[in-house]
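A quick write-up on the structure given underneath.
Bear in mind that the values in this text are calculations on the coordinates, not laboratory data. Please read all numbers here as calculations on a predicted model, not as lab measurements. Note that we place each Cβ from the backbone using ideal geometry, even for glycine, and neighbour counts take in every protein chain shown.
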Amino acid sequence: STEHTLVLVKPDGVARGLTGQILARIEAKGYELVDLKKFTPGRELLEAHYAEHEGKPFYEPLVAFMMSGDVVAAKVSGHRVIEGFRSLAGTTDPTTAAPGTIRGDLGRDWDLKVQQNLVHGSDSSESAERELALWFG
Ligand code: CMP
């Protein structure tokens, strides 16, 4: 059955002008862009979004990085899109993410404190529902 997921093009992806390429890969895979918005998220939204990481060493740098510029948030739909987008995105560490993936082809590390890995995708149907409510209301 059709699922929905939250995809974020993070500030590194937007600043590097990769938004179009990233969204094109999602569409080329066969998923639908249901809704899109571009804005600089505030601390309150990011703290809610990343609540599970509170207390980890990369938490503050992660929130600061995500507040550093515009992001593009996308509501994306398709059969098994949650797993499918995570496969398209590649593993968290962009330096070693497999070539062929968004992170593997377009990303690398720039900073020791936080992995700037171009995109976020919800990791489960529960996360997708929670995150879509936060970002799209
Ligand atoms: P994301 O999938 O959006 O969720 C949490 C983010 O924290 C992750 O992408 C990375 O940007 C960052 N992150 C996760 N693990 C680490 C880590 N070990 N070191 C630095 N940054 C991390």
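Points to keep in mind about this one:
- Electrostatic tally near residue 22: other residues with Cβ closer than 12 Å to its Cβ, Lys and Arg +1, Asp and Glu -1, net +2.
- Set of lysines near residue 29 by C-alpha distance (under 25 Å), chain-local residues within fewer than 8 positions excluded: 10, 37, 38, 75
- Model label zone, residue 112; criterion: amide N under 17 Å from point 7 Å along Cα-to-beta-carbon; scope the stretch 32-71: 57-62
- Helix-only mean residue ellipticity at 222 nm for the chain, each DSSP H run of n ≥ 4 adding -39500 (n - 2.57), per residue, nearest 500: -11000 deg cm²/dmol
- Solvent-free Debye calculation, one equal scatterer per alpha-carbon of the stretch 59-137: log10 I(q)/I(0) at 0.14, 0.21, 0.24 Å⁻¹ equals -0.51, -1.10, -1.27.
- Couplings 3J(HN,Hα) of the stretch 9-19, computed from phi: 8, 6, x, 5, x, 5, 5, 7, x, 9, 4 Hz, in residue order, whole Hz [Karplus 6.51 cos²θ - 1.76 cosθ + 1.60, θ = phi - 60°; x for Gly and Pro].
- Relative to the 2.2 N^0.38 Å rule of thumb, the stretch 1-95 has a C-alpha radius of gyration ratio of 1.11.
- Sequentially through the stretch 71-87, phi angles give Karplus couplings (6.51, -1.76, 1.60; θ = phi - 60°) of 10, 10, 9, 10, 8, 10, 10, x, 5, 6, 5, 4, 5, x, 5, 5, 5 Hz, Gly and Pro residues having no value and appearing as x.
- Legend: calculated FRET efficiency, residue 56 to residue 33, from the Cβ-Cβ distance at R0 = 30 Å, rounded to 0.05, equals 0.45.
- Modelled spin-label separation between residue 47 and residue 130, with each label point placed 7 Å from Cα along the Cα-to-Cβ direction: 1.7 nm.
- About the Cα centre, charge dipole magnitude for the stretch 1-99 (Lys/Arg +1, Asp/Glu -1 at Cβ), debye: 300 debye
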